[in-house]
1. Just rank A:Met222, B:Met194, fewest to most, by other beta-carbon atoms within 10 angstrom.
2. Order these peptides, B:86-97, A:75-86, by their mean beta-carbon neighbour count within 10 angstrom, highest first.
3. Let me know the shape class of region A:159-254, please: from the alpha-carbon gyration tensor, a ≥ b ≥ c as square roots of the eigenvalues, rounded when a/c is under 1.5, otherwise prolate if a/b is greater than b/c, or oblate.
4. Against the 2.2 N^0.38 Å scaling, with N counting residues, where does region A:5-184 land? I'd like the Cα-based Rg ratio to two decimal places.
5. Express in % the proportion of alpha carbon pairs of the protein assembly as shown at distances exceeding 33 Å.
6. If you restrict to DSSP beta bridges whose two residues both lie in the protein assembly as shown, what percentage is antiparallel, to the nearest 5?
7. Taking the Cα centroid of region A:157-230 and of region B:229-246, what is the distance between the two, rounded to the nearest whole Å?
8. Got the relative contact order for chain A handy, in percent, Cα pairs under 8 Å and 6 or more residues apart?
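Where a number appears in this text, it was derived from the coordinates with a stated rule and is not lab data. Only a predicted model underlies this, so the values are computations on that prediction, with no experimental measurement involved. Positions of Cβ are generated from backbone atoms using ideal geometry, with glycine treated the same way; all protein chains shown enter the neighbour counts.
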Amino acid sequence: MALNTIWVYVEQLDGKPTTLSLELLTKARSLGAGSIEAIVGGDASGIASTLGAYGAAKVLATGDLGGKLPGVAVASAMAAAIAGGDVPDLVLFGQTYEARDVAARLSVKIDKTVLTNNNDISVDGDGVSVTTAIFGGNTLVTTKFTAGSPALAMFRPKNFAAEEGGAAAGELVALAVPDLGAAGGATVTATHVEEHTGPKLDEADIVVSGGRGLGEAEKYSMIEELAKLLKGAPGASRAIVDAGWVPYSYQVGQTGKVVKPNVYIAAGISGATQHMVGMKGAKNIIAINKDKEAPIFSVADLGIVGDVHKVLPKLIEALKAR
Amino acid sequence: MNVVVCVKQIPDPATPGALDPSTNTLKREGKLILDDSDAYGVEMALQLVTAAGGGEVSLVSMAPNGETSGLRTALAMGAAKAVLVSDPDLKGSDALTTAKALAKAIERVGDADLVIAGTESTDGYTGTVPEQIAELLGRPSITFAKHVEISGTTVKVQRQTELGYDEVECSLPAVISVTAGVVEPRYPSFKGIMAAKSKPVDTVTAADLGVTPAGWAAAGQEIVSVGAAEARAAGEVIEDDGEGFAKIVSFLETLKVV
């Protein structure tokens, strides 16, 4: 017996589905389900053709949420559909700020567990199993859902390719949001876009991250400068995010972002397991650290045992001179 | 203003983690410490209560074996009291069951204007518990707060987004999760550490809270395999002799990224 229906929670950025949403749709197509349906918190009229091309036969959209945070609104709409008899076997979410809220609220509403931080999924008959990496990415744990439909699972970015399947636009279906009561009270009053000149951290081809070895917050500018020269994105270890040098959005690691760039440069980062799980999937890793025993060197393709305050300025100089 | 902070006591992250071979769940034995991620919530709560000019900070936590050493750290920072859920039947609980126990513990504290949690724990990092607690309590929630202020009966938050941040607000009572670095956690003073020893910790079981322990077997999931990930081969490691940068440049050249 195969799965009947898979729901994929789709997020939008600048009026387009996010790459992670398209990765999940593409993966859903390979799982042999009868039907794939996209769930959109917001207006989906502009993206139905793209979602269809990536495999969504239907696009269930709430319409404009009027500034409400999507978590409770979308979860309530999904739970109402499920209560009405429209029960998917599986719901796929990206591991994002928004989707975490939706999945968590939904898990309570339908009293089902949600498995997070996954990097793979397999379907055997109507059994669904997901795999997550733990202990710095050294150990893979595969877990099977055992409580019936729907199985709720969240996935890290860049584990699946995003490829069009060539189908027609998804059929738009209204997903009604029930009255949310007091729980629906959180409202967005303003949106601030921080200036990013380069690519997004989890989509960049090159990532340059700094850690405690930089010594002080001001020295992080070297990381930003090097990232800019390489047309990459700057990242950070948890230690310097905790210290308040850079915002949480810069954090690479188990808590934070998982990145899989072509080149990852770790400067002044020792390589705690917390950090390694977030960057071990990079194709090429360059590490600069004073301590030759630092664990980061065990995964580096090129390791420089040296002082970041000496190596980075020379590296920046050399790249500028080109 | 009364604030309840959800705190987790975890094995020291500096020591390598291990799985219990019989259940394949994380081993959480022996001395546990306050999760660094939760120190921000405790500090935030203390600052908000001080700014409000009255009220107190309470803690809720769930841990095996009646473990309180991490709770004492948060009490030493200035929290007034704690409810600790500790019950062998809760061992191996999933995030949803954990949220159910903590939500009941928050109700046991009573009268919380605001509930604060970290965004995710350092050891399990499921990252769903704060929002699940909000749903169980029927309250509005704002996750990933990087700045928090209270204005009357409204909580105003700068919420981290993919592109920057949103200003989000909702009425109290509410639940928020705070990111690392949102405030600078204070170090417990000697006086605080001494005072913490006599602060009340109400230790309760699942039955005391009216929660049905799901335990691992009933959590709707079963671990079917645990295996080693493909290891990365170590590459070339060289001492910087002043020309280390040139090695990096030539490596980048071979990768055709410069």
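1. Ordered from fewest to most neighbouring Cβ atoms within 10 Å, A:Met222, B:Met194 come out as B:Met194, A:Met222.
2. B:86-97, A:75-86
3. oblate
4. Details: Rg = 15.2 Å, N = 180, 2.2 N^0.38 = 15.8 Å.
Against the compact-globule rule of thumb, the ratio is 0.96.
5. In whole percent, the long-distance tail amounts to 43.
6. Taking every DSSP beta bridge within the protein assembly as shown, about 40 percent pair in antiparallel fashion.
7. 30
8. Averaging sequence separation for qualifying contacts and normalising by length gives 15 percent for chain A.
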